Amino acid sequence: MRPSAGSLSGAWTRVGTRFLPFADAATPELPMARLLRLSLFQVSVGMALVLLNGTLNRVMILELGVPAWLVALMVSLPLLFAPFRALVGFRSDHHRSALGWRRVPYIWFGTLLQFGGLAIMPFALLVLSGDSHGPAWIGYAAAALAFLLTGAGLHTTQTAGLALAADLAPRAARPRVVALLYVTLLLGMIASSLAFGATLAQFSQLRLIQVIQAAALLTMALNLLALWKQESRDPTRTAATAGPASFRDAWRGLLGERRARRFLVAVGLGTMAFSMQDILLEPYGGEILGLAVGATTTLTAFLAAGTLAAFALAARRLGRGAVPCRLAASGALAGVVAFSAVIFAASLESAWMFRAGTALIGFGGGLFAVGTLTEAMALDSRAHGLALGAWGAVQASAAGLGIALGGAIRDAVGSMAAAGLLGPALTAPATGYSVVYHIEIALLFATLVAIGPLVRPASASANTQPVPFGLAEFPG
C-alpha cells in the first residue's frame with residue numbers, strides 16, 4: 001500500500017521541525033516570512049560588527065600602523081553608548097508617538113546613525129593612510145566619530161528591534177523568536193566576513209573604501225525592508241501611557257531582586273571574559289602565525305560558525321527544559337578549553353589549532369549568550385525593552401571594557417617582554433597576547449562562581465535543593 005500524499009506531507013513537516021531548531025518559532029501572529037524579514041536588521045548589525053571588530057582593527061594596526069591601544073580605544077568608543085541601551089529600551093516601552101508607533105522611530109534613528117558612521121569612515125581612513133595632506137589628528141578624530149556613530153546606531157537598532165520582535169510574538173514563542181534573531185545576526189556575520197575576506201584577498205586601500213561604502217548602502221536597504229509594515233499604528237500610543245514615573249523607578253524595580261543583580265554580575269564577568277580577545281585574534285593570527293589579511297578576516301566566520309552551532313544546541317536543550325543559567329555555565333567551561341587551544345597554537349605553530357580554538361570561543365560564547373538572553377527574557381515580562389536593554393547594556397559595557405583592557409594589556413606586556421623586563425624566557429612577541437588569554441580564563445572561572453547559585457530556576461521552591469554543578473556548590 002502506497003503512502004498517501006497527506007501522510008508524506010505530514011512526515012516532511014515533522015522532519016523539518018526536528019532538524020531545524022527554530023522552525024517552530026513562527027506563529028499565526030508572526031508568520032515565518034514576516035519574522036525572517038524582520039530579522040534583516042540583525043544582518044546589518046552583524047555586518048557592522050565584522051567591520052568594526054574584525055577587518056578594520058586588523059587593517060589599522062598592521063597596514064596603517066596605528067598603535068593597538070589606540071585602535072582598542074576606538075573600537076571601545078561605540079560601547080560608551082552601551083549603558084544607554086536600557087534607557088532606549090525603557091523609552092521605546094513608553095514612547096508617545098503622533099504616528100502611533102513605539103519601536104519604529106528608535107529603529108529608524110539607529111539606522112541613520114549606522115549609515116552616518118559608515119559614510120564617514122572612508123574619509124578617515126584616507127587621512128590615516130597618509131595619502132592626503134591633512135594632519136593626522138583629523139584622521140584619528142574622524143575615525144573615532146565614525147566608530148562612535150556606527151556603534152550607537154547598532155545598539156539602538158538592536159535594542160528596539162529585539163523589543164519589537166518580543167512585542168509581535170506570543171509569550172510562549174518569545175525565547176525562540178529572539179534566539180532566531182540572533183542566529184540571523186550570526187549568519188549575517190558569517191556571510192559578510194566571507195564576502196569581505198574574498199574582496200580583500202588582494203588588499204588595497206581603494207578596495208577597502210569600496211567595501212565600507214557598500215556596507216553603508218546595504219545597512220539602509222536591509223533595515224528599511226525589515227521595518228516595512230511590521231509595527232501596527234496604535235492611536236492609544238499618541239497619549240501618555242501608565243507606567244513607572246521615571247527610568248530610575250523602572251530600573252530600581254528591575255534590580256529589586258537579588259537574583260537579578262547576581263545575574264547581571266555574571267553577564268558582565270562572562271562577557272568581559274569572551275570579549276578581551278576581540279581586538280587581538282586577527283592581529284595574533286597575522287603577527288604570530290603569519291596569516292594574510294584575507295585569512296584573518298575569515299576568522300570571524302569560524303567564530304560565528306561556532307556560535308551558530310551553540311545556538312542550535314541551546315535551542316534543543318532549552319526546548320527540553322534545560323535551565324538557562326546552567327547552559328550559560330557550560331559555555332564558560334567551553335571557553336576555558338578554547339583559550340587554552342589558542343595559547344598552545346603559538347607554541348605548536350598550528351594555524352588550524354588556532355582556527356579550532358577560535359571556533360570553540362564562538363561556541364562557548366554562544367552558549368553563554370543564549371543562556372543569559374533566555375534568562376533575561378524572564379526579568380520583566382511587562383517591559384521587554386527595559387529587560388532586553390538591561391541585558392544588552394551590561395553585556396555591551398563589559399565587552400567595551402574588555403576590549404579596551406585587552407589592547408592595553410597586550411601593548412604594555414608586549415613592550416615589557418621586548419625590553420627583557422620579564423626575563424629571557426618571555427621575550428617572544430606572543431607574550432602580550434598570551435597574558436590576555438590567561439586573564440580571560442581566570443575571568444571565566446569567576447563567572448562560574450558568580451552564576452553557580454543561579455542554576456536553579458527562579459520558579460523553583462526555596463526548599464528544593466539545586467542539582468550540583470561543579471563550582472555552583474562554592475559558597476556565595
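Apart from one condition, LEU35 fits all of (1) open to solvent by 10 Å² or more (accessible area, probe 1.4 Å); (2) over 30 Å from LEU145 (Cα atoms); (3) at pLDDT 75 or above; the exception is (1).
Only one entry in THR199, THR184 is open to solvent by 50 Å² or more (accessible area, probe 1.4 Å) and among the β-branched types (Val, Ile, Thr), namely THR199. Looking at GLY117, GLY89, GLY54, GLY110, just one residue is modelled with pLDDT under 80, buried (at least 17 other Cβ atoms within 10 Å of the Cβ), closer than 23 Å to LEU217 by Cα and of a type outside the set (A, V, I, L, M), and that residue is GLY54.
In this structure, does THR241 turn out to be part of a helix (DSSP H, G or I) and modelled with pLDDT under 70? The answer is no for THR241.
Annotation note: Cβ proximity below 8 Å between a residue of the range 61-88 that is touching a residue at least 24 places away in the same chain (Cβ under 8 Å) and more than 18 Å from ALA48 (Cβ to Cβ) and a residue that is aliphatic (A, V, I, L, M) and open to solvent by 40 Å² or more (accessible area, probe 1.4 Å) (sequence gap 6+ or interchain) occurs for TRP69/ALA408. If you go through the range 417-436 and keep only what is open to solvent by 40 Å² or more (accessible area, probe 1.4 Å), aliphatic (A, V, I, L, M) and modelled with pLDDT under 80, you end up with ALA418, ALA419, LEU421, LEU422, ALA425, LEU426, ALA428.
The values are calculated or read from the model by the stated rules, or taken from the named source; none is laboratory data. As the structure is a computational prediction, the values presented were derived from the model and not from experiment. Cβ coordinates were reconstructed from backbone atoms using ideal geometry, including for glycine residues, and neighbour counts include every protein chain displayed. Just the protein is used for accessible areas: all its heavy atoms, side chains included, with ligands, DNA and RNA removed. Shrake-Rupley method; radii C 1.70, N 1.55, O 1.52, S 1.80 Å.
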